[in-house]
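The values are calculated or read from the model by the stated rules, or taken from the named source; none is laboratory data. These figures come from a predicted structure and were not determined experimentally. Here the Cβ positions follow ideal geometry from the backbone for every residue, glycine too, while neighbour counts run over all protein chains shown. Note: accessible area is taken over every heavy atom of the protein model, side chains too, but ligands, DNA and RNA are not part of it. Shrake-Rupley method; radii C 1.70, N 1.55, O 1.52, S 1.80 Å.
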Amino acid sequence: MNRLADETSLYLRQHAENPVDWFPWGDDAFARARELNRPVLVSIGYSSCHWCHVMAHESFEDSTTAALMNGLFVNVKVDREERPDVDALYMQATLALSGSGGWPMTVFLTPDARPFFAGTYFPPTARQGMPSFSDLCQSIADAYSTRPDDVEAQAAEVTSRLTQAAARTGSGRAFTATLVDDALVGLARTFDPRMGGFGGAPKFPPSLALEFLVRRARRRPDDVNAREMAELTLRRMADGGICDQVGGGFHRYSVDAIWLVPHFEKMLYDNALLARAYALAFELTGDAQMQRVAEGTLDYLLREMRVEGGAFAAAQDADSEGGEGAFFVWTPEQLDELLTPAEARAASLHFGVTAEGNFEGATIPYIALPLDAVAQQIGGDPVPLIEAARAKLYAARSRRPAPARDDKVIAAWNGLAIAAFADAGRILGRDDYLDAARGAARFLLGTMVVDGRLHRTGRHLGQLDDHADLCHGLLQLYDATFEPEWLEAAGGLAARMIALFADDEGAGFLYAGNDAEVLLAPTRDLEDHPTPAGNSQAAWVLLRLAALTGETELETRAIAALDLAGGDLVRFPHAFGTALVAIDHVAHDRREVAVVGPRDDPRTIALLDAARADGGPGTALAWGDPADPSFAARVPLLADRPLVASEPAAYVCRQFACQAPVTTPEALRAFLT
């Protein structure tokens, strides 16, 4: 066992028995490098990464390769999910040095942590223009020892570029409806009109662009293009192999352009973001498929990803016994063995299970025939047969060797899950989802805040996205329940976020806190990846808090942060979905609605329903019962909002300047439309 055996990270522990003399990231590794005058080899990945496992099996578990690494370098393993600050810094360097990035990421540093060569996966033998990993190691070591001036020049150049990238300035563009329209045109330009999504293979779920499109369609019912792009993408993903048709939830991405063959890892963030997108789409369309997929995804999280205490695990692996995907695929013979003949016939037709298969001789279930077409084939109602088959297949699959689950609790990703359960609970009328959101929120606030400081995982300090995403989840939980504790928690967390991450010398937010380890250069999180960009999510939560609290300085700070993205979001709108949601909010009419009255009074419920239905996506909504004066003290939007002639009332405000209260849904709709 090497030094990684006692680490909290599952990914690091997966390498604890490698013959490589691994160090975790830290001062000890760089002190050893300075002592030996050796370069540092940093390998960055995560536990559910398929190609990380491949490189580990091929190289890091090979004694000859390990001996070469141990003799030439000081070797460091980094879990990108625990140390996203380290990952972000050296991903920038990898992109600068090689033109592409990904995981596993392989970076060679000087003993003072400056990168001079980087890449991603390297095979054990040279192929497809890639050198063998062993040859690469030898070449890097030779260059370090025989051409130190070249190494120094390269390291200095990359470090200079990293430092310059951190000094980002705003675009100065006005946040107008025209800017949002231009970004929508950019999305349409890369949209796949047949299969949905943007671009070609490999194809990732565009969760954050989808939220923008759904909100746009709700704000502008006449914008058929936005609605069609969102609906087509959501339907095609739901029908594809990227959606687990047997157990619910989504795999990380598809290797093709048709959502059929996925990389099989399942990430908490993907499933949280997609479940919320489907719930919001159901709210817009009333489409039963959207509801079914949202519930299937959230039920999967509850069933397979919830850990003790109420939070959610980070990921499930792509690999299991039998190889990647073996847990998820089926043959006709397996269906015949498990199901009745009628069930097997209906399931084979619906899920496309054939003798040829679509993945290494077996079949990844997908929606090959819709239910009405199956009904024509079998001459009856297929729904009972399909549901019975699904239950039996799931039970049989549960007896297979399962992919490993990474049980670490990541604050940011749980914040996204809280938002998904809260919104779906409200939209679908599922109290169990609201309870799940409350449970996860209490776990994070009670367990992962230590001495007032949010942690990302057990040992590691929270980064910008941890604060912004958890604040987002808390605000959505307040919006779903109107329980003031969540708004208060969001406000306190946002204040700490500003204190820790605000760029005092520029605008917006830096990714690592001012109390964190000082790395080679600061980084910013401006573009959405699979998860919301920290800078944009921070701005979005500050805008919503400003609307609920009247703290206008929060809005000023938010707009300055969004300005950092303004120069790129029209050219690359698919990378700025979160920023577009926030900018769309700024560019259009915004209102606050305060509803007061007993919660169980049908008149109060009717006012809340009208505010939800007609307020649009730019409306902040608060509720309180004047019989409980603590509500007004805890939710500033409710202050000085009494009943009207003992009747529940709604106050429609703009920037906290309110019109005369109304007491009927019809009068409220007149103000809102």
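Think of it this way: in the chain, Cys137, Cys243, Cys471 stand alone, with no other Cys Cβ under 4.7 Å. Restricting the trypsin sites (Lys or Arg not before Pro) of region 164-195 to loop positions (DSSP other than H, G, I, E, B) with no more than 14 neighbouring Cβ atoms within 10 Å leaves Arg194.
Of all the accessible heavy-atom surface of the chain, with the other protein chains kept in place and a 1.4 Å probe, what percent is carbon and sulfur? Summing carbon and sulfur atoms, their accessible area is 51 percent of the total for the chain.
When both region 583-617 and region 259-316 are represented by their alpha-carbon centers, they are found 27 Å apart. For region 384-450, which trypsin sites (Lys or Arg not before Pro) are both in a DSSP coil and crowded by at most 12 other Cβ atoms within 10 Å? Qualifying residues, ordered by number: Arg399. For Val518 and Thr64, the FRET efficiency from 1/(1 + (r/R0)^6), where r spans their Cβ atoms and R0 equals 35 Å, is about 0.40. The shape of region 1-126 comes out rounded: with a ≥ b ≥ c from the C-alpha gyration tensor, a/c is under 1.5.
Annotation: aspartates and glutamates with alpha-carbon distance below 12 angstrom to Lys392 (same-chain offsets under eight excluded): Asp336, Glu337, Glu343. A simple rule links phi to the HN-Hα coupling: the Karplus curve 6.51 cos²θ - 1.76 cosθ + 1.60 with θ = phi - 60°, which for region 162-175 gives 5, 5, 5, 5, 6, 8, 7, 10, x, 7, x, 6, 6, 8 Hz, with x for Gly and Pro.
Approximating the spin labels as points 7 Å out from Cα along Cα→Cβ, the Ser171-to-Asp589 distance works out to 2.6 nm.
The overall shape of region 383-426 is oblate: from the C-alpha gyration tensor, with semi-axes ordered a ≥ b ≥ c, the ratio a/c is 1.5 or greater and a/b is no larger than b/c. Accessible surface area normalised per residue over the chain is 37 Å², counting heavy atoms of protein chains with a 1.4 Å rolling probe. In the chain, helices alone account for a calculated mean residue ellipticity at 222 nm of -15500 deg cm²/dmol, with every DSSP H run of four or more residues adding -39,500 (n - 2.57). The label point for Ala495 and the one for Asp222, both projected 7 Å from the Cα toward the Cβ, are 4.5 nm apart. Please give every one of the aspartates and glutamates within straight-line cross-link reach of Lys266, meaning a C-alpha to C-alpha distance under 13 Å, and leave out same-chain neighbours fewer than 8 residues apart. Of all the aspartates and glutamates, those that pass the test against Lys266 - Cα under 13 Å, at least 8 places apart if same chain - are Asp244, Glu304, Asp317, Asp319, Glu324, Asp406, Asp407. Normalised by 2.2 N^0.38 Å, where N counts its residues, the alpha-carbon radius of gyration of region 333-450 equals 1.47. The Trp51 and Glu152 beta-carbon pair, evaluated with R₀ = 41 Å, returns a calculated FRET efficiency of approximately 0.85.
At q = 0.16, 0.25 Å⁻¹ the log10 of I(q)/I(0) for region 536-580 amounts to -0.41, -0.79, computed by Debye summation with a single uniform scatterer per C-alpha, solvent ignored. Seen through its C-alpha gyration tensor, with square-root eigenvalues sorted a ≥ b ≥ c, the chain comes out oblate because a/c lies at 1.5 or above while a/b is not bigger than b/c. Other residues within the sphere of radius under 15 Å centred on the Cβ of Pro205, judged by their own Cβ, net out at -3 (K and R +1, D and E -1). In this structure, Gln128 and Ala96 have a Cβ-Cβ separation that, at R0 = 30 Å, corresponds to a calculated FRET efficiency of about 0.85. Given their separation in residues at 0.36 nm each and the Cα-Cα distance between them, Arg400 and Arg459 gain 17.9 nm when the chain is fully extended. Counting 0.36 nm for each residue step from Thr331 to Ala5 and taking away their Cα separation leaves a gain of 113.4 nm. Relative to the current alpha-carbon distance between Glu485 and Thr190, full extension at 0.36 nm per residue lengthens the span by 101.9 nm.
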